[in-house]
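The structure appears right after this line, and notes come after that.
Throughout, read-outs are computed from the coordinates displayed, never taken from laboratory work. Remember, it's a predicted structure, so these values are computed and weren't measured experimentally. Here the Cβ is made from the backbone with ideal geometry for all residues, glycine too, and neighbour counts use every protein chain on show.
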Amino acid sequence: MWLHHRKRCTICNHCGYRLWVPDTANPTTDLSRRDRKKQATRRAIARAALRLAQELGPDAVTIDAISEAADVSPRTVFNHFASKEDAILNVDPVRTDTIRAELAARPADEPPLASLRAVLLDASEQLDADLGDWRQRVRLVREHPASLYPRYVAAFTANERVLVELVAERLGVDVDHDIRPALLVAAAFSAMRVATDTWETSDRSVHIEDLIDEAFARLANGLT
């Protein structure tokens, strides 16, 4: 099944029916004023940390420097990020909770790969709003693997494990004895990585979501 972006009328490639993905699939649609303020503070801290890492290198960045650059207290930095590496990479545990909630909200009879596709496409829409910073973070990871790569991988692994457990639950199988959940999620994340890497090295004439869409479509069709 080919599901495109949520909130849009879509076409299933196999049956031709029009499908709607309901707005209620996204639990973060309505944010309170307090939540919006927290998001703004978090974004300011992450951008300050990113800017310092670009200027000084990740190893030279300190929590005190980040707090000064973001005009907040060191305690506020730690309220949002567990470490300076998390701040530089903008690692967000709430994002993992959002992914978990969105996957759990997908239709029970939807094929797992289609569910993963919808959830990760939604994540890419959020990423799209901040692509410039995201590209800089990926570049920093490549340039400073010893400092940033372990935390970068750990953040992906945490999201991946959550999805594996949920896919196993949807399939009604034991995650420790059935390879299908881990295989499906690994394929989905690989599709995301390949699509974003392709976009990163392209002339940017193609939208990143279109590349992700293509990658999942090829997976669903057996890579033909």
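Based on Cβ point charges of +1 for Lys and Arg and -1 for Asp and Glu, what charge dipole magnitude is obtained for region 92-224 about its Cα centre, in debye rounded to the nearest 20?
Result for region 92-224 is approximately 380 debye, rounded to the nearest 20.
Please name whichever of Ala46, Ala65, Ser83 sits farthest to the positive end of the charge dipole of region 31-90, dipole taken about the Cα centre and charges placed at Cβ: Lys and Arg +1, Asp and Glu -1.
The residue sitting farthest along the positive end of the dipole is Ala46.
Given N residues in region 92-224, what is Rg(Cα) / (2.2 N^0.38 Å)?
1.07
Taking 0.36 nm per residue of separation and subtracting the Cα-Cα distance, what length does fully extending Val162 through His207 add?
Net length gain for the segment: 13.5 nm.
With r as the distance between the Cβ atoms of Ala101 and Arg218 and R0 = 35 Å, compute the FRET efficiency 1/(1 + (r/R0)^6) and round to 0.05.
About 0.80, to the nearest 0.05.
What distance in nm lies between label points placed 7 Å from Cα along the C-beta direction at Glu200 and His144?
Each label point lies 7 Å from its Cα, and together they span 1.6 nm.
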